Amino acid sequence: MSVKLFIFLLWLPVAGFAQGFAGLGGSAEGFAMPAPNPTFQFPKDAGAHPDYKIEWWYITANLKDAQGTDYGLQWTLFRSALAPEDGTGWSTPQLWMGNAAITTPDAHFVTERLARGGIGQAGVTPAPFSAWIDDWLFTDTQLSATGPDFGFDMTLGDLGPTVFHGEGGYSVKSTSGQASYYYSKPFIQISGTLSLPQGDVAVSGQAWLDREWSSQPLASDQTGWDWFSLSFDDGAKLMGFQLRGDDTYTSASWIDPDGTTTAMENGAFQARPLGMVEVAGRQVPTTWQVTLPAKSLDVTVRAINDAAWMATSVPYWEGPVIVSGNRQGRGYLEMTGY
Amino acid sequence: MTRVAFAALLGHWRRNPMQLFTLLAGLALATALWSGVQAINAEARASYDAAAATLGEGQFDRLTRRDGQPIRQETYVLLRRSGWLVSPVIEGRLHDVQIVGVDPLTAPGRLAPTAIAGTGDLGRFIAGRIVAAPDVTLDGAVTDPDIAPQTAIGDIGTVQKLLGRTGELDALIVAQNQPLKQANLADIAPELRRRVAQTGSDISRLTDSFHLNLSAFGLLSFAVGIFIVHGAIGLAFEQRRGTVRTLRALGVPLRLMVVLMASELLGLAIVAGIIGVGLGYLIAGALLPDVAATLQGLYGANVSGTLQLRPIWGLTGMGIAVGGTAVAAGGALWKLSRMPLLAGAQPRALAVAAGRGARLQAAVAIGLLALAGILVVVGGGVVTGFVLLGALLLGAALALPLVLSVVLIFASRQATGVISGWFWADTRQQLPGLSLALMALLLAMAANIGVSTMVSSFRLTFVGFLDQRLTSELYVTADNPAQAAQIAAFANTRVDAVLPVLETDVTISDFPAELFGNRDNAAFRDNWTFLAAADTPWDRIHQGDAILINEQLSRRAGLKVGDSVTVADIPFEIVGIYGDYGNPAGQAIISRGRFQDLYPDVTSARFGLRLPPENVAEFVTEMESAIGVPASNTINQAGIKAFSLGVFDRTFTVTAALNVLTLAVAGFAILMSLLTLTAMRVPQLAPAWAMGLTRRNLGALELLRTLLLASFTAIIALPLGLALAWVLLAVINVAAFGWRLPMYLFPADYARLGGFAILAASVAALWPALRLARTPPADLLKVFSNER
């Protein structure tokens, strides 16, 4: 077992043993819990919520270069709190982790950073908005990260409307009621340069920001999830996920091109794996059939690169996908718990 | 058939329990000394590895401030935000414990898992838990056996608070894989410099020579022990010739005989090996606290004072016992396989056979001594030095019986009376049987003389060196630059001279060195002696264009007086080379003014104060009440000297102990040889007794013989020991440390050692002589009636 994995498993506070994927179903004593009918205040809610246990700023982007080659890009900043009481300097219980990746049809690059809170090495300020870990940066206009063998430096244009999932931003994850606050900005214009071993590539496309925070997002029997963010050619978008546990719980948001959101109840969104592939020693489905009868959606979602395995402290699969069927488009797929 | 033959062979030991005891005890002692030394070395190395891993030494580069001050925490964050993957470390001492603070999220290497795995909770570690080595007592600390001795690890925030140094860091460890793009260090943090990881930790390189010396001693003791074993096996073989002849005549195949003898010896070797390893553990346990204290005092190395059972030295001990026996028995088994079926057991045959082998032995001895001579001229390096030493000692040992034989021949020609004639002839005949024991005695004595000469020369030089270098009566350390300024101001008017210590690390001719900037003071001009110097070196230094270097740097970089070196891109001419004993690093001195020109940001944290010695105590109390510098920040010259000499003496307690043990082993060898020979001597003594020499005379002559042989050996041991000392000082010390000590002679010591050796030999000879004197007349008579 790698050192970093060991450390990270200890990071997410576990009561005795890991419950749910990565311990996200573990105890949340002392932390704040999301409640229905939330009101969001911006810019404050763009920042961190230290009284909640886990939080992230999650950006994925589908990009194309001048030749039309598809690229996928990921920039993620996680915040995890070891304890509900805050502290200053090194004694703060806030820990930060960054994941960054670039996926091309032939290759997948991934890197990770870990940082303590409280000393300025990582953090988020809401106004002016800035999220950083080490030299990685995400602001209203910039997105950058570097790894040992790759990097990217992107400019953000129009950020587009904000979309709230579930019931006005209260997103339920299981029949027992675990939930999180969840909103997205799926219409971000993004362009810039990818630094790859074969050289720099100028790319542009659309980026999707996910913001989520909670203290116990999973039930203890839920081993993982499959999350889809699909952008169709006509401008509409779909966010859908299914949580695998004793029962399967699904949730989805249908997003019209102007940003109007329709929430789908448990069971409306259906995703069925079509083909398993061996990735990093595990059997992972990289081709799916996704249906949403309410919107007459029946599409096949296929990974651009099967090998998009995130070899980080807590490993998972995340990569760009191509949508075909009665709608076409691009998107991102995340699969955990395999 | 096998069982009977085996029983017949083993029966020999039942009849001669003394020989069995000799064999087992000799092998056990030799193995004990060897494995004891190996146990000490293994324990020390384990401690160094643990300590090095704690700080990531040897694997990772480090960033530290050029001027030695702590790094500000903001610098760490700035580096991280500029693309540098570095991890903060803070170290300090708290109640005699070395406490290290790390950040488990960014630390590479073994630090974090070692610190956390024992506790199982990152949260608790960050909240303030300390993980300590088993030999540390700290309130609330959790114990982890993997942590280096005398060390405790905590989260960086926790340790900062414990040491009262919030916001400070001592070093930044650079991870091996850095990101694609990162800012230039010189642009964002110019006060930092990067120290490249050195293979092998600093501490293990420093102490390598110490451990090599210990190993050499162990090997020497083992060699002496193997001599004993060789003698015992050879003797057992000779005495069993009759048995072997009978068995073979009865039809036992030769191959079976060889196999049986070999397996018998193997069994004995294993038994002796087990006893030896156990004894070695006891010896190591007894010596380890002294070794640990020595290493702590000399090098600042933390070695555990308690011995852990590590299989490695137990296994090597057993291996070397079996291997040594195999080597020692090889000759005997070879002879057995070539022996004609009906060869008898004739004592005279022993000497005759020895005569034939003598020419071969002489050739080998001369060859080895020639090799030693060549290596003196040609060789360099520590390993070559030890090979030279081995060749010298072995060659001399092999040559000893021949030299003694020549001496005895000469003496017997001078003999006038019958008794003296018989005495010398009998001695000559005894020589082959005793030669191994005498070789052991020679080696032990030479080692004693050599090492004690080296140690005493060292001590004499060191005392003089301390007198020369510790020019100031009082040394004061400041905790921070503000306090340093206060001390300088306070002392300025009250003492004869203030000599601030200005120091920084530089690279000269590609070698790392410490650079000092010295004020001009009569203390330096009057007391310093140089190994080589131009005219008026101190004047040239204070003119500003010259530099002094220490012996280590001059040897390593091949620099002489008159050469030019550059420091911080400025050329300096070398005007003097000075001795710097005990310092593993290079060192150089320029004038204070020039130093401040080159490194303006370096401030003095230590001061040497010159004042009359009787005023020191009063000054210290005045300074404490006036500006609050505690007495623990000061040390007076007498204190440093006493401490240094104390450490020095402690170092050589270990070698003194090993010396005594080696001499004891040699004395034991003599005793055993004499005892085993006594039984064979009866036929030779019987005629002399029949012709009128009383048994008492015979016993006295026996004693005299041993004393004479021991004395001759002692006389030969003296030049050998001095040669050994010379090799240690001029070849090995230079190769290992980089500096050379002058050799002094200590005739009183040698006389004392010679006396002890002869005393040991005579004590060893007393019992056999008494036994001889008490041989029943009936036994002597039996010789004539062929009943033997």
Quote the accessible area belonging to B:D496 in square angstrom, nearest 10, computed with a 1.4 Å probe and with ligands, DNA and RNA left uncounted.
120
Taking amide H atoms as placed 1.01 Å from N in the peptide plane, list the residues 5 or more away in sequence, or in a different chain, whose amide H sits under 5 Å from that of A:G157.
A:Q189, A:I190, A:S191
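So if R0 is 60 Å, what FRET efficiency would B:D601 and B:L282 give, r being the distance between their Cβ atoms, rounded to the nearest 0.05?
For B:D601 and B:L282, the calculated efficiency is 0.65.
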Nearest-0.05 FRET efficiency for B:V418 and B:T137, computed from C-beta distance (R0 60 Å):
0.20
So how far, in whole Å, is the C-alpha centre of region A:170-194 from the one of region B:669-718?
101
Taking H as built 1.01 Å from N, whose amide H comes closer than 5 Å to the amide H of B:L502, not counting residues under 5 places away?
B:G517
Mind checking the per residue accessible area of chain B for me, 1.4 Å probe, whole number of Å²?
43
Can you compute the charge dipole magnitude of chain A about its Cα centre, using +1 on each Lys and Arg Cβ and -1 on each Asp and Glu Cβ, nothing else charged? Give it in debye, rounded to the nearest 20.
240
Carbon and sulfur atoms: what percent of the 1.4 Å accessible area of region B:675-739 do they account for?
73
Under 1.5 on a/c is rounded, so check that first for region B:445-593, then, if it is not, pick prolate when a/b is larger than b/c and oblate when it is not; a ≥ b ≥ c are the square roots of the alpha carbon gyration tensor eigenvalues.
oblate
GluC sites (Glu not before Pro), restricted to region B:555-652: which are DSSP loop and have at most 10 other Cβ atoms within 10 Å?
none
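Over region A:190-243, give the accessible area per residue in Å² for a 1.4 Å probe, as an integer.
Accessible area per residue: 28 Å².
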Per-residue accessible area, 1.4 Å probe, largest first, puts A:M310, A:M264 in the order A:M264, A:M310
Length gain on complete extension for the stretch B:A127 to B:A482, per 0.36 nm per residue less the alpha carbon to alpha carbon distance?
124.5 nm
Spelling out what I want: for every residue of region B:556-566, take phi, set θ = phi - 60°, compute 6.51 cos²θ - 1.76 cosθ + 1.60 (Karplus), and round to whole Hz; glycine and proline get x.
5, 9, x, 9, 10, 4, x, 6, 10, 10, 10
To the nearest 10 square angstrom, what accessible area does B:H542 show with a 1.4 Å probe?
60
When chain A is treated as a GNM, springs tying every alpha-carbon pair under 10 Å, which of A:G169, A:G325, A:G47 comes out with the largest mean-square fluctuation?
A:G325
Between B:S625 and B:M18, what is the spin-label point distance in nm, taking each point 7 Å from the Cα along the Cα→C-beta axis?
7.7
Pulled fully out, how much extra length does the chain show between B:L219 and B:R165, if you take 0.36 nm times their separation in residues and subtract their Cα-Cα distance?
14.6 nm
Extending each Cα 7 Å along its Cβ direction at A:T262 and A:T287, get the distance between those two points in nm, one decimal.
3.0
Taking amide H positions as placed in the peptide plane 1.01 Å from N, state which residues far from B:D61 in sequence (5 or more) or on other chains have amide H under 5 Å from it.
B:V174, B:A197
What number do you get for the protein assembly as shown when its Cα radius of gyration is normalised by 2.2 N^0.38 Å, N = residues?
1.28
Any idea of the accessible area per residue across region A:15-132, 1.4 Å probe, to the nearest Å²?
36
B:V86 accessible area, assembled protein chains, probe 1.4 Å, Å²:
0
What FRET efficiency comes out for B:V406 versus B:Y744 if R0 is 30 angstrom and r is the Cβ-Cβ distance? Round to the nearest 0.05.
0.40
Pop out the ³J(HN,Hα) list for region B:478-492 in order, Karplus 6.51 cos²θ - 1.76 cosθ + 1.60 with θ = phi - 60°, rounded to Hz; leave Gly and Pro as x.
9, 7, 7, x, 5, 5, 4, 5, 4, 4, 4, 5, 4, 6, 3
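State the percentage of accessible surface on region A:145-195 attributable to carbon and sulfur atoms; use a 1.4 Å probe and exclude ligands, DNA and RNA.
Heavy-atom surface of region A:145-195 belonging to carbon and sulfur, 1.4 Å probe: 49 percent.
Just the number, please: Stokes-Einstein D of region B:667-788 in µm²/s, Kirkwood Rh from C-alpha pairs, 20 °C, 1.002 mPa s.
Translational D for this selection: 125 µm²/s.
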Looking at the protein assembly as shown, send over the antiparallel percent of its DSSP beta bridges, to the nearest 5.
90
So what are chain B's ellipsoid semi-axes, whole angstrom, largest first, if each one is the square root of 5 times an eigenvalue of the alpha-carbon gyration tensor?
62, 32, 23
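Per residue, what volume in Å³ does the convex hull of the Cα atoms of region B:476-521 enclose?
Details: hull volume 3.9 nm³, N = 46.
Spelled out: Cα convex hull of region B:476-521, divided by residues, is 84 Å³.
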So, with points 7 Å from each Cα along the Cβ direction, the A:D246-A:A202 label distance in nm works out to 5.7
Net length gained if the chain between B:M339 and B:Q308 were fully extended (0.36 nm per residue, minus Cα distance)
6.3 nm
Would you kindly calculate the mean projected area, averaged across all directions, of the convex hull enclosing the Cα atoms of region A:139-269, in square nanometres?
9.6
A:Q198 neighbourhood, Cβ < 15 Å, K/R = +1, D/E = -1, net charge -4
I'd like the interface area for chains A and B: accessible area of each alone minus the complex, both sides summed, 1.4 Å probe, protein heavy atoms only. What is it in Å² to the nearest 100?
2400
Theoretical ellipticity at 222 nm over the protein assembly as shown - DSSP helices of four or more residues, -39500 (n - 2.57) apiece, nearest 500
-15500 deg cm²/dmol
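Protein chains only, probe 1.4 Å: how do B:K641, B:K560, A:K237 rank by accessible area, largest first? Working shown, then result.
Details: B:K641 45, B:K560 125, A:K237 5 Å².
Result, largest first: B:K560, B:K641, A:K237.
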So for chain A, if I pair up every lysine 8 or more residues apart or on another chain, how many of those pairs have alpha-carbons under 24 Å apart?
13
Note every residue of region A:59-82 with a reduction of at least 20 square angstrom in accessible area, all protein chains present versus the isolated chain, computed with a 1.4 Å probe, or write none.
A:L82
Could you work out the relative contact order of chain B, using alpha carbon pairs under 8 angstrom and six or more residues apart, expressed as a whole percent?
16
When the charge dipole of region B:357-495 is computed with +1 at the Cβ of Lys and Arg and -1 at the Cβ of Asp and Glu, the Cα pointing farthest to the positive end, of B:F490, B:F462, B:G395, is that of B:G395
How large is the charge dipole for chain B, taken about the Cα centre, if only the Cβ atoms of Lys, Arg (+1) and Asp, Glu (-1) carry charge, to the nearest 20 debye?
4840
Among DSSP beta bridges whose residues both lie in chain B, state the antiparallel percentage, nearest 5.
75
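The values are calculated or read from the model by the stated rules, or taken from the named source; none is laboratory data. The shown structure was predicted, so the numbers you read here are calculated from the model rather than taken from an experiment. Positions of Cβ are generated from backbone atoms using ideal geometry, with glycine treated the same way; all protein chains shown enter the neighbour counts. These area figures cover heavy atoms from the full protein model, side chains too; ligands, DNA and RNA do not enter into them. Shrake-Rupley method; radii C 1.70, N 1.55, O 1.52, S 1.80 Å.
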